[in-house]
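Only the coordinates and a few stated rules stand behind these numbers; no lab work does. Remember, it's a predicted structure, so these values are computed and weren't measured experimentally. FYI the Cβ positions are ideal-geometry reconstructions off the backbone, even for glycines, and counts take in every protein chain you see.
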Amino acid sequence: MNLKNLTRGLALLSFAVALPMPALAHHSFAMFDNSRSITLHGKVSKYQWTNPHAYLEVDADQPGGGTKHYTLEMTSINMMSRGGWTSRTVKTGDVVTVVVAPLRDGQAGGLVLEVTLPDGRKMLPGVPNAQNYKRTS
Amino acid sequence: MASKALLIGASLAALASPALAEPDFTGSWERYPQAGETPDPKYAPTPIPNPPLKPEYLAKWKEHEAKLAARMAEGQPAGDNYVKCLPDGMPAMMQGMFPMEIFQRPEQINITQEAFNQTRRVYMNETLPRWDELDPTFYGRSVAHWEGETLVIETTGIKENVQFRWTPHSEGMKITERLHLLAPDILRNEIVVEDEYLAQPWTYSYTYRRMPGYKLLEYVCEDNREYVDETGMARLRIEER
């Protein structure tokens, strides 16, 4: 086998191996637009530590003043626990910056891709295949 | 008298030795490889083939193929149970979505999947009832025995709506699992699904790796805000303000 074939063989092999990877989240994330992101900055009205998924309710600052309420979905709290989150990572009233894959249906909601906490720490909620979600904001 | 004692001793040793040969699977396990991890080829499971359904069932299954491909590409589990806050049931729960725990006693082995707190109970050295002697359930009835160092679990009595990868089956479906250690911390599960809906047995495998010290977390499906609308699209209930 020459080098070119070997490389191609390895590429095919890695593709085949990638397919049976364990799935890491629970529900379908197809309702979120993975071709763009929005960045929200605002005050947390609720950080809901529940399964099947956790939620972050945020009153996001609007460009012209005022706020708009967003319902933001995260992943299973079991996964988030293993990724370093706790039920106390975010508190009501915290001012956070959140990168979000917005809902496709235009409702004020989305999937959390990254949260910047008041102390500057950036937290990832462990969205499966997160690299497939474009950051455009 | 001495010879009798010797005989008893020998019988006890004979009784004890198969038990000693049985490996202990007790502990926490995770699916291997994890996402983004390159598996050791010695332990890598083979990709799961499509179910070898008979032609009369295959046409309907193909309607789900695109959905299945999309879920696989997303890294999501196939099936609609989770969207409805329902557990996988068998055999899907053995895909090891989240860590799982095996609790092994000589007469019974319990396997708990962390996602949805799913527990199946495996009764050792009992006879598998006929499927029509059971009320169908999510996990069915499981019995097992040791073949050397391999645990052979047989399961039947699964509800028809409890499906893996949208594969239809009859209530008579039988699942045979062969679990054995490939290494002290690597467990293989060879699965064979047999059913009258299948043209031939459906065979695939999983590999699990020990998670020393990991304690399974609770999982209660407490607030499911996702739902499937009348067009079949997954939607999110948002908090109105």
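Here is how the numbers come out for the structure above:
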{"quantity": "Two-decimal Rg to Rh for the protein assembly as shown - Kirkwood Rh, Cα set", "calculated": "1.04"}
{"quantity": "Long-range tail of P(r) for the range B:109-241 (Cα pairs > 17 Å, %)", "calculated": "70 percent"}
{"quantity": "Total formal charge among the other residues, if their Cβ is under 11 angstrom from that of B:Thr176, Lys/Arg +1 and Asp/Glu -1", "calculated": "-2"}
{"quantity": "Candidates per GluC sites (Glu not before Pro) in the range B:83-172, loop by DSSP, up to 15 other Cβ within 10 Å", "calculated": "B:Glu107, B:Glu126, B:Glu149, B:Glu160"}
{"quantity": "Three-way shape call for the range A:25-132 based on the alpha-carbon gyration tensor, with the a/c threshold at 1.5", "calculated": "oblate"}
{"quantity": "Descending semi-axes in whole angstrom, ellipsoid equivalent of the range B:21-236, from the Cα gyration tensor", "calculated": "27, 22, 18"}
{"quantity": "Where labels lie 7 Å past Cα in the beta-carbon direction, separation of B:Glu218 and B:Glu63 in nm", "calculated": "4.0 nm"}
{"quantity": "Sites A:Thr67 and B:Glu196, calculated FRET efficiency, Cβ-Cβ separation with R0 51 Å, nearest 0.05", "calculated": "0.30"}
{"quantity": "Mean separation of Cα contacts under 8 Å (6+ apart) over length of chain B, as relative contact order %", "calculated": "22 percent"}
{"quantity": "Integer Hz, Karplus 6.51/-1.76/1.60 couplings in order for the range B:34-51, x for Gly and Pro", "calculated": "7, 3, x, 9, 8, x, 5, x, 5, 10, 5, x, 8, x, 7, x, 4, x"}
{"quantity": "Of the DSSP H helices in chain B, those whose Cα atoms cover at least 27 Å axially and whose Kyte score averages 0.5 or more", "calculated": "B:2-21"}
